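Novice: Pasting a structure below so you can have a look.
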Amino acid sequence: MFEKKEEFSRLRERMLAQQIEARGIHDAAVLRAMRAVPREAFVMEGYQNYAYDDTPLPLPEQQTISQPYIIALMMRALRLERSDRVLEIGTGSGYAAALLGQIVEEVHTVERLKQLVIYARQRLSMLGYDNIVVHHGDGTLGCPENAPYNAIVVAAGGPDVPQTLKQQLVVGGRLVMPTGESERRQFLICLTRESETEYRQVNLGAVAFVPLIGAEGW
């Protein structure tokens, strides 16, 4: 078991060097979080040996755990600070929530599929991450009972940013989400709330995510 842990640690360092830093991501907090969280604990049984490959991996309910680089890119764009309260839409395995929890004070994450809610809660609890709350519900409606948020990250692609999520950002808050007319190919955008009524949006490039399902999604 010790040998396996050492092997995963070596693969994690290689992933950071070849997939993250080599692509220009040098945010110290993001790198520290990715070094600390064991991705192998979040992938499905039988896929642990692929945990640090440069690719998405399957999860139950025909969902996926995103490739490490995309998660790092989204986290860097959020410009996170320790005192932030963060909302994640699309918990999936719980891996991205675990990374966020290494950086910020409080994470709320919403998942519509009950099987994945159970899956993520088990892994986060097993690893002792106690500043992360997993909610079961329609993520396109956010988590209003804990709003507002300094940052929101959406791990599924929708036709546009849900108005409800925009309203749950503080002024100055950032939201990162894939959007586009196709359910399988989108552009990753970073939106900043500049005032009560004004938002600024930047395109971070083409991506492919599972579709965002819900009242304000597909």
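Novice: Might you let me know whether segment 21-33 holds any residue that is surrounded by 17 or more Cβ atoms within 10 Å (Cβ to Cβ), closer than 22 Å to residue 211 by Cα and hydrophobic (A, V, I, L, M, F, W, C)?
Specialist: Looking for residues that are surrounded by 17 or more Cβ atoms within 10 Å (Cβ to Cβ), closer than 22 Å to residue 211 by Cα and hydrophobic (A, V, I, L, M, F, W, C), one finds none in segment 21-33, hence no.
Novice: How many residues are open to solvent by 10 Å² or more (accessible area, probe 1.4 Å) and either part of a strand (DSSP E or B) or aliphatic (A, V, I, L, M) (or both) when one looks only at segment 41-56?
Specialist: Number of matching residues: 2.
Novice: Can you pull out every residue in segment 9-40 that is assigned to a helix (DSSP H, G or I) and charged (D, E, K, R)?
Specialist: 10, 12, 13, 14, 21, 23, 32, 35, 39, 40
Novice: A follow-up question, please. Is it true that residue 98 is more than 22 Å from residue 203 (Cβ to Cβ) and either open to solvent by 20 Å² or more (accessible area, probe 1.4 Å) or not β-branched (Val, Ile, Thr) (or both)?
Specialist: So residue 98 fits the description; yes.
Novice: Is there any pair linking a residue in segment 172-192 that is at pLDDT 95 or above to one that is aromatic (Phe, Trp, Tyr) and open to solvent by 20 Å² or more (accessible area, probe 1.4 Å), with Cβ under 9 Å and at least six apart or on different chains, and which?
Specialist: Between residues of segment 172-192 that are at pLDDT 95 or above and residues that are aromatic (Phe, Trp, Tyr) and open to solvent by 20 Å² or more (accessible area, probe 1.4 Å), the close pairs are 175/199; 178/187; 179/187; 191/199; 192/199.
Novice: Continuing with the same structure: Any residue in segment 196-218 that's closer than 21 Å to residue 143 by Cα: show its pairings with residues that are of a type in the set (D, E, K, R) and open to solvent by 70 Å² or more (accessible area, probe 1.4 Å) at Cβ separation under 7 Å, as long as the two are six or more apart or on different chains.
Specialist: Filtered contacts from segment 196-218: 211/183; 213/112; 214/112; 218/183.
Novice: All but one of (1) of a type in the set (Val, Ile, Thr); (2) at pLDDT below 95; (3) out of contact with any Phe, Trp or Tyr (no Cβ under 7 Å at 6 or more places or on another chain) hold for residue 109; which doesn't?
Specialist: (2)
Novice: Still on this structure, please answer the following. What's the number of the condition residue 80 fails, among (1) within 25 Å of residue 136 (Cα to Cα); (2) part of a loop (DSSP other than H, G, I, E, B); (3) open to solvent by less than 20 Å² (accessible area, probe 1.4 Å)?
Specialist: With respect to (1) within 25 Å of residue 136 (Cα to Cα); (2) part of a loop (DSSP other than H, G, I, E, B); (3) open to solvent by less than 20 Å² (accessible area, probe 1.4 Å), residue 80 is out only on (3).
Novice: So which of 68, 38, 56 is at pLDDT below 95 and over 19 Å from residue 138 (Cα atoms)?
Specialist: Residue meeting the stated conditions: 56.
Novice: Restricting the first residue to segment 81-109 and requiring it to be under 14 Å from residue 66 (Cα atoms) and touching a residue at least 12 places away in the same chain (Cβ under 8 Å), which pairs with a second residue that is surrounded by fewer than 24 Cβ atoms within 10 Å (Cβ to Cβ) and aromatic (Phe, Trp, Tyr) meet a Cβ separation below 9 Å and a spacing of at least six or different chains?
Specialist: 91/119; 92/119; 93/119; 94/119; 94/129; 97/129; 98/129
Novice: Something else: Need a quick list: strands (runs of 3 or more DSSP E) entirely within segment 101-218 having at least 3 residues that are surrounded by 16 or more Cβ atoms within 10 Å (Cβ to Cβ).
Specialist: 106-111, 132-136, 149-154, 169-179, 186-193
The values are calculated or read from the model by the stated rules, or taken from the named source; none is laboratory data. Quantities reported herein were computed from a predicted structural model and do not represent experimental measurements. Quick reminder, even Gly has a Cβ in these numbers, built from the backbone with ideal geometry, and neighbours come from all protein chains shown. Accessible surface is based on the protein model in full, side chains and every heavy atom, while ligands, DNA and RNA are left aside. Shrake-Rupley method; radii C 1.70, N 1.55, O 1.52, S 1.80 Å.
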